[in-house]
C-alpha cells in the first residue's frame, strides 16, 4: 500500500478520547496525533503537523486498498475501520478506554485487528517521537514472565507497547515495523500505554476487555441523552464529542485536542486550542444540561468557579485544563506544519488579551446555572460581585473582541453587548433570586451600555450592527444579539443585521466571521483569507429562528449538518472553494453551536419566552 509521508485531510480523521487526552486516527489506519498523558502534554505522534518521521502508528494492508469504511460503534468512541483489498478485508478497532475522574489513571490506546475475509498482508509501523517530534527515544524490548514489551524512553517521557506481533527496528531507519498476514477469523491486538516507570513493565490488560469496557462506558453515558428531534445521530455524536473533549479530573472542556491546524492552508492563522475558553461557557452549560447531562454541567461550573477565582482584575479569557493561568506561546520551529502551514504554535498568547465579552459569558452561564437549579454558593456570588465591581471600572475600554484579533484594540459591538449581558444578569440575580447587591447602580450601568450600543454600534446607512463602533464592517457575532436577549429577534435592527450578513458574509449556507480581505479590513492584523466559521453558520440558523423565519432556519440546519465528516465530526471552519475542513479538529465551538441550534429549533432548552426572560427583550 503506497502512502504519502504527510498527514491526511483534516476531515479524514476520527477522534479517540479517554477523558484526559485524545488521539486522531486517519482513514489510512494511522494514529497521527497523540499527546500523553493530557490534552496539553507534548505529543508523541506528530505526523499531523509534519511527516511520518515526526511520529505515527499505522496498521494497514500493504496492498492497494480499494475501499475504506468507518464508523463508531453505536453511541461510543470505539472506532471501526474496514479496509478492502483484492485479497480480502480486515477490520481495525481503535479505542482509548475512558477513566471518568482519576488524574493519574493509566492512559492507553488499544488497537485490535480482525480478519474479515480472505488473507491480507498487513504492515505495522510504530514511530514514537516525544516532545512534538523533537525527541527520538531509545527503544528497547523487555521480557517479563515470557511476555515481550517494547519500551520507548526519552528523558521524562516513556511509553510501552505490548501485543501479539511486536515490531522490530527497520535497518537504517529510526522506525519499528512488522509485516504479517491476517487470515479470515484471526484477531490480533495491541496496547500502547503511557508509563511513569520505564524500568517496570506495565501491568498488562486484556485488549478485548478494554474494548468492551470502553463500549459500556460510552453507551451508559449516551443512554440518557434527551434529544428526539431530527438528525438525532448527528446531535448525539456532537454531544459525545463534547464529552470526549472533557478533562474528567476537573470538568474543563478543551476547545479542540489539536494545535496549529490552519485556518488558511499554508498560512499563519495557526493556533493552539488545547485549553478551556470562558467564551464557551454559556453554550457548554446549555449543551450539557439541555440534553440530560446535568452532572457534567455542574462539574463544568465547578471548573469555571475554580479557574476564575482570585482577583477579578486578573480574569483571563482562557485557562489550562486544571485552571492554569500561564499559557505562554512559543513555536516548534522544527515541525514543518500541517502541509507546510507554519508556524506550529504551542501555548496561546491570547490568554493575556483584554476581551470584555468574557464577563458577560461568565455571568450569563452562572445565571443559567441558577435557573437550572444548580445551587448558588456564597463564595460563587461573592466572586461574581467582584467581577461586576471590576467591570464597572473597565467596561468602556476598547478590547480585542470575540475573535482575539492581533490588530489594534477597538470598541467591538459584540463585546459591548456582552458587557450589557454582564450587568443585566447581575440585576436579575438580585431581582429574581434575592441575592444581595447594589442593584440600582447595576441597573443604571446596564441601561447606559444599552443606549451606547444602540447609538454607536448601529449603522443606519448600511442598516446593520457593525463589527466595531464607527466602522462599516460586518461581524457574524452580532447575530447573537437576539440569543442573549439584547433585542427581540423580530426587531427591525436585528432583521436588518441578518439581511446585511446574508449579503456580505454568507456564501450558500456558510457564514464568515468577518471580512479578512486585507483590502477591506485590517482588523485582525494577520494575512490570508480564512474559511467560513462553522459556528457562525449555526448562529445564522438561530437568528433566523428567533426572528420568525423558522422554515428557512430548518432548511439551512438540515443542510449544515450534512457537512460533518463520515463519523460525524466538524472542524473549526469550512472552505467552500475546496470543499475542505480547516482549523483545529474536532472543534468544540462548532459542535456546541450545532447542538444549540437543534435545541432552538426542536424544543430542547430555552424557548423563545425563556430567552426573553434572560435578557431585556424590549425595544
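The values are calculated or read from the model by the stated rules, or taken from the named source; none is laboratory data. Fair warning: this is a prediction, and the values are worked out from it, not measured in the lab. Quick reminder, even Gly has a Cβ in these numbers, built from the backbone with ideal geometry, and neighbours come from all protein chains shown.
Assorted remarks:
Per-residue answers, yes or no, for (1) surrounded by fewer than 16 Cβ atoms within 10 Å (Cβ to Cβ); (2) over 30 Å from residue 557 (Cα atoms); (3) outside the structural domain of residue 109 (by TED's automatic domain parsing); (4) at pLDDT 95 or above:
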residue: 225; (1), (2), (3), (4): no, no, yes, no
residue: 231; (1), (2), (3), (4): no, no, yes, yes
residue: 238; (1), (2), (3), (4): no, no, yes, yes
residue: 248; (1), (2), (3), (4): no, yes, yes, no
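- Qualifying residue in the stretch 389-400 (condition: more than 15 Å from residue 271 (Cα to Cα), crowded, with 17+ Cβ neighbours inside 10 Å and in contact with a strand residue (DSSP E or B) (Cβ under 9 Å, 6 or more places away or on another chain)): yes
- Against the criterion of being assigned by TED's automatic domain parsing to the domain that holds residue 485 and either modelled with pLDDT under 95 or under 29 Å from the mean Cα position of the chain (by Cα) (or both), residue 443 does not qualify.
- Taking the listed residues 159, 90, 116, 120, the one that is closer than 30 Å to residue 346 by Cβ and in a strand (DSSP E or B) is 159, with no other qualifying.
- Residue 110 farther than 22 Å from residue 38 by Cα, in contact with a helix residue (DSSP H, G or I) (Cβ under 7 Å, 6 or more places away or on another chain), modelled with pLDDT of 95 or more and in a strand (DSSP E or B): no
- Any hit, the stretch 536-544, residues being farther than 22 Å from residue 256 by Cα, surrounded by fewer than 17 Cβ atoms within 10 Å (Cβ to Cβ) and more than 16 Å from the chain's Cα centre (by Cα): no
- Any chance residue 74 is farther than 20 Å from residue 586 by Cα and modelled with pLDDT under 95: no
- With respect to being out of contact with any strand residue (DSSP E or B) (no Cβ under 7 Å at 6 or more places or on another chain) and within 23 Å of residue 182 (Cα to Cα), residue 63 falls outside the description.
- Residue within the stretch 460-481 that is in a helix (DSSP H, G or I), at pLDDT 95 or above, surrounded by fewer than 18 Cβ atoms within 10 Å (Cβ to Cβ) and in the same structural domain as residue 364 (by TED's automatic domain parsing) present: no
- Boolean, residue 188 is in a strand (DSSP E or B) and either under 30 Å from the mean Cα position of the chain (by Cα) or crowded, with 21+ Cβ neighbours inside 10 Å (or both): no
- Among (1) closer than 24 Å to residue 455 by Cα; (2) at pLDDT 95 or above; (3) in contact with a strand residue (DSSP E or B) (Cβ under 8 Å, 6 or more places away or on another chain), the one test that residue 409 misses: (2)
- Here residue 335 clears all of (1) outside any helix (DSSP H, G or I); (2) modelled with pLDDT under 95; (3) buried (at least 21 other Cβ atoms within 10 Å of the Cβ) except the condition numbered (2).
- Complete set of residues in the stretch 40-55 that are buried (at least 24 other Cβ atoms within 10 Å of the Cβ) and either without any contact (Cβ under 8 Å) to a residue 24 or more places away in the chain or closer than 26 Å to residue 248 by Cα (or both): 43, 44, 45, 46, 48
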